[in-house]
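The values are calculated or read from the model by the stated rules, or taken from the named source; none is laboratory data. Note that the structure is a prediction, hence the values are computed from the model and not measured. Neighbour counts run over all protein chains shown; Cβ positions are idealised from the backbone, glycine included. Note: areas computed on protein heavy atoms with side chains; ligands, DNA, RNA excluded. Shrake-Rupley method; radii C 1.70, N 1.55, O 1.52, S 1.80 Å.
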Amino acid sequence: MSKPFNTHLSRRAFVSGSLAGAAAALTPVIPQAARAAPGLREFSLTAAEGQAALLSAPYPATNIWGYAGTVPGTEIRATQGDRLRITFTNDLPVETTVHWHGVRLPNAMDGVPGVTQEPVPPGNSFIYEFDAVDAGTFWYHPHVSTSQQLARGLYGALIIDEPDPIRVDRDITWMLDDWRLDGDAAVEGGFDAPGDISHAGRLGNIVTVNGIVAESFAVQSGERIRLRLVNTANARIFALNFEGHTPQIIALDGQPVAPHAPDDGLIVLGPSMRADLILDCTGAPGARMVLRDHAYRGNTFDLLQIVYADTPRRAAVPDWPVALPANPVSEPDLAVAARHEVVFSGGMMGRSVERQMGLEVSNSLLGRLRRDGDVWYLNGQAASGRGEDPVLTLTEGQSHIISMVNATAFHHPIHLHGHVFRVVSRNGVAAPRREWLDTILLAPAETAEIALVADNPGDWAFHCHVLEHVSGGMAGIIRVA
Ligand code: C2O
Ligand code: CU
């Protein structure tokens, strides 16, 4: 990966704590016992100001915005087939919405201001209600002033269990985030700084797992853990290596994938992306191993240490099956699919990438009204925020192939709401696992083809999940009609 702008982490300067307590509190072991019959599950969710001890003493707690005033917010958990009714209340001083990232739900429940609903003013409520069609690891976050509201801590996990989950010893969710804090552990202002918008986004200076700078994660030899990773950072890409372990990826963005070890031993997650891992604890009792991030060249850091108890759980890891049942996603028919193209352009050094790719995208903008602050473009158009023409219109019920061209010098995690898509190819090479995703990380100058059945009608947000890029125009609408 190219060296990004302003990414230096200073977490080693901070005193850090153990993940065990916080993680255990937030991510209970799933009981393997019988579950309630599918039905209506009601939740209440409040966005509020709060405080979080991201760093241990001597640093003070950080003022945050969070669901229930905590980071991460309340975990919402249900079983595939349930209907969720979430009564959301906005106790923040600003308007907001809730978007259910990766969930295939009716358009009116999608939480996009000016497109699917009006923002929820301070003191008001909104009821979100939808069926949990897919099992998997999802998350929720606001879609209003997203770059600021996420950076302040508004996010939570939405876990939909399979009716018959695979057997594991522990089922754990880690919400990975980075924060830009000042010397008093306060969230730095300066959201949507021009340099962040035009480069790699707002990268932080500390990294948290479930809301704390974690020192260690306790395991036992012979244990099998289902580890659900969620990248909630505004802009940071993670590329994690579990030293001494061979995790198997069993789902990406909540959707099952053929179990496989990651390429190059690295679990790569762009902003908003998820991976479900089977982590078999093959280390010896008493061992300590490092979980290290390699996303940014010259800037590796240790996320935490995996610390083995002196007593093993069992002599060897179990051989229980790990493959997940498929979700009910319609299979696109590539032979008859309609073809579309979206070219992403703009940003710092974008012109030279366009030239290198034989494109002159930005130059074709002549005649368009350019707003101040437009930095990024989809097919030559920057998001206006409201009532704009769709970037693409997909005929409902049909198969579609979208070719996406990243004619820029930066990575972009491109997210489509309301659907999941198959990755068909990258740079003209067939994708080996044809994974289903809701967000695809495009490298600079990379081209990818995705395919989907447009089976969910409505105007759907389609945007980069580097949230400062959204502020610079890297967003649009895909209309399914
Ligand atoms: Cu997770 Cu439109 O976003
Ligand atoms: Cu981007």
Residues being in contact with a strand residue (DSSP E or B) (Cβ under 9 Å, 6 or more places away or on another chain) and either within 14 Å of ligand 1 (Cβ to nearest atom) or hydrophobic (A, V, I, L, M, F, W, C) (or both) - total across the range 444-467:
16
Any hit, the range 473-480, residues being open to solvent by 20 Å² or more (accessible area, probe 1.4 Å) and either farther than 25 Å from GLY347 by Cα or more than 12 Å from ligand 2 (Cβ to nearest atom) (or both):
yes
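For every residue, the table says whether it meets (1) open to solvent by less than 10 Å² (accessible area, probe 1.4 Å); (2) assigned to a loop (DSSP other than H, G, I, E, B); (3) touching a residue at least 40 places away in the same chain (Cβ under 8 Å).
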{"residue": "HIS245", "(1), (2), (3)": "no, yes, yes"}
{"residue": "VAL257", "(1), (2), (3)": "no, no, yes"}
{"residue": "ALA284", "(1), (2), (3)": "no, yes, yes"}
{"residue": "ARG314", "(1), (2), (3)": "no, yes, yes"}
{"residue": "ASP319", "(1), (2), (3)": "no, yes, no"}
{"residue": "PRO325", "(1), (2), (3)": "no, yes, yes"}
{"residue": "PRO328", "(1), (2), (3)": "no, yes, yes"}
{"residue": "VAL336", "(1), (2), (3)": "no, yes, yes"}
Would you list the strands (runs of 3 or more DSSP E) that sit entirely within the range 79-198 and hold 2 or more residues that are without any contact (Cβ under 8 Å) to a residue 40 or more places away in the chain?
125-131
Members of the range 298-312 that are open to solvent by 70 Å² or more (accessible area, probe 1.4 Å) and within 22 Å of the chain's Cα centre (by Cα)
THR300
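Sort through ASP177, ASP182 and tell me the only one that's of a type in the set (Asp, Glu), under 27 Å from LEU291 (Cα atoms) and crowded, with 22+ Cβ neighbours inside 10 Å. Before you say what the answer is, go through the steps one by one.
Values: ASP182 fails: crowded, with 22+ Cβ neighbours inside 10 Å.
So the residue among ASP177, ASP182 that is of a type in the set (Asp, Glu), under 27 Å from LEU291 (Cα atoms) and crowded, with 22+ Cβ neighbours inside 10 Å is ASP177.
Any idea how many residues of the range 468-481 are part of a helix (DSSP H, G or I) and either within 9 Å of ligand 1 (Cβ to nearest atom) or hydroxyl-bearing (Ser, Thr, Tyr) (or both)? Before the answer, list the steps.
First pass over the range 468-481, keeping only residues part of a helix (DSSP H, G or I): 468-471.
If we keep only those that are either within 9 Å of ligand 1 (Cβ to nearest atom) or hydroxyl-bearing (Ser, Thr, Tyr) (or both) too, we end up with 470-471.
So the count comes out to 2.
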Quick check: is even one residue across the range 373-385 surrounded by fewer than 20 Cβ atoms within 10 Å (Cβ to Cβ), outside any strand (DSSP E or B), within 15 Å of ligand 1 (Cβ to nearest atom) and of a type outside the set (Phe, Trp, Tyr)?
yes
Of (1) open to solvent by 40 Å² or more (accessible area, probe 1.4 Å); (2) within 16 Å of ligand 2 (Cβ to nearest atom), GLN220 satisfies every one except (2)
